[in-house]
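Heads up: the structure comes next, in structure tokens.
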Amino acid sequence: CRDMPEALRAETLALLGQRRPEVSVILPTWNRAHTVVSAVASALLQSYAAKEVIVIDDGSRDATLALLRQRFPEPLATGRLVLVAQENAGVSAARNAGLAQAQGDVIAYLDSDNHWEADHLLYAVGGLLVVPEAQSAYTAICRHNLTQGWSDVLFRRFDRALLAEENFIDLNSFVHWRGLVETLGGFDTALTRLVDWDLILRYTAASDPVALPVITGHHVVDMICLENITTSEALGPNLARIRAKHGIKPEAP
């Protein structure tokens, strides 16, 4: 998004000047003291500022909470940064705890090992406003696999049939109106993996999201140091549950 034409950025700023929905950022974390500061900083330093960044510490055994209190005293004092501590219950329960506290009109998600470009919310929320009937929007995201040594860009134009086959929308690039939580519920706590895919399938079922081909964030995978859910939780049982919930037939062998 740093390479976007200034005229387009100015148009987006003008659009958000007419209507300024407040944004709540949901940021779960578990034993990520070595990465969470960077993630929180990227959320707090958005050009279109969030109303609140809600960090849910899911029973970390490291110094996550103490570190955040030390590094961000002013946002904590003003309420722009909210810290929620809970016993370890998994990422779905952690995100749901954040959603229960959220007061913004729009919800955005950020994982504690990832970070946003400074204009992420500017373009994501601006894109949501461009289509008045839209309930959600997503941008492109750059993925970095530190273990295998590659990077790519995740983005496709929205296609419901393709989404039923595999998730091509990264939760870190996804925003939606808070009303969807009230009508469709939050994250499925019975899932330990693919929780973002399940939520996105539900939240885009009645209304296609706005697809914005702009890279606004970075998703980091490190199988050695970060213990990503993608590499630590079993795929099969979670995939079977999602297929059953959404009536998705398994691919033919």
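The values are calculated or read from the model by the stated rules, or taken from the named source; none is laboratory data. Quick caveat: nothing in here was measured; it's all calculated off a predicted structure. Positions of Cβ are generated from backbone atoms using ideal geometry, with glycine treated the same way; all protein chains shown enter the neighbour counts. For accessibility, only protein heavy atoms count, side chains too; no ligands or nucleic acids. Shrake-Rupley method; radii C 1.70, N 1.55, O 1.52, S 1.80 Å.
Which residue out of A85, A118 is in contact with a helix residue (DSSP H, G or I) (Cβ under 7 Å, 6 or more places away or on another chain), farther than 23 Å from Y203 by Cα and open to solvent by 10 Å² or more (accessible area, probe 1.4 Å)?
Matching residue, one of A85, A118: A85.
Please specify each residue of the stretch 103-125 satisfying the condition of being under 12 Å from the mean Cα position of the chain (by Cα) and within 14 Å of L44 (Cβ to Cβ).
A108, L110, S112, H115, W116, H120, L121
Tally time: how many residues in the stretch 118-167 are more than 17 Å from E22 (Cα to Cα), in a loop (DSSP other than H, G, I, E, B), modelled with pLDDT of 95 or more and in contact with a Phe, Trp or Tyr (Cβ under 9 Å, 6 or more places away or on another chain)?
4
Kindly indicate whether L13 is assigned to a helix (DSSP H, G or I), open to solvent by 10 Å² or more (accessible area, probe 1.4 Å) and either without any contact (Cβ under 8 Å) to a residue 40 or more places away in the chain or among the acidic types (D, E) (or both).
no
Considering every residue within the stretch 168-176, establish whether at least one is modelled with pLDDT of 95 or more, open to solvent by less than 20 Å² (accessible area, probe 1.4 Å), charged (D, E, K, R) and closer than 25 Å to P21 by Cβ.
Within the stretch 168-176 (the criterion being modelled with pLDDT of 95 or more, open to solvent by less than 20 Å² (accessible area, probe 1.4 Å), charged (D, E, K, R) and closer than 25 Å to P21 by Cβ), the answer is yes, since at least one residue qualifies.
Would you tally the residues in the stretch 133-179 being out of contact with any Leu (no Cβ under 9 Å at 6 or more places or on another chain), in contact (Cβ under 8 Å) with a residue 12 or more places away in the chain and aliphatic (A, V, I, L, M)?
Looking only at that region, the number is 2.
With under 29 Å from L191 (Cα atoms) and assigned to a helix (DSSP H, G or I) as the only criterion, which of S42, S60 stands out?
On inspection, the qualifying residue turns out to be S42.
I need the full set of residues from the stretch 177-199 which are open to solvent by 40 Å² or more (accessible area, probe 1.4 Å) and charged (D, E, K, R), in order please.
Hits for the stretch 177-199 are R178, E182, R193, D196.
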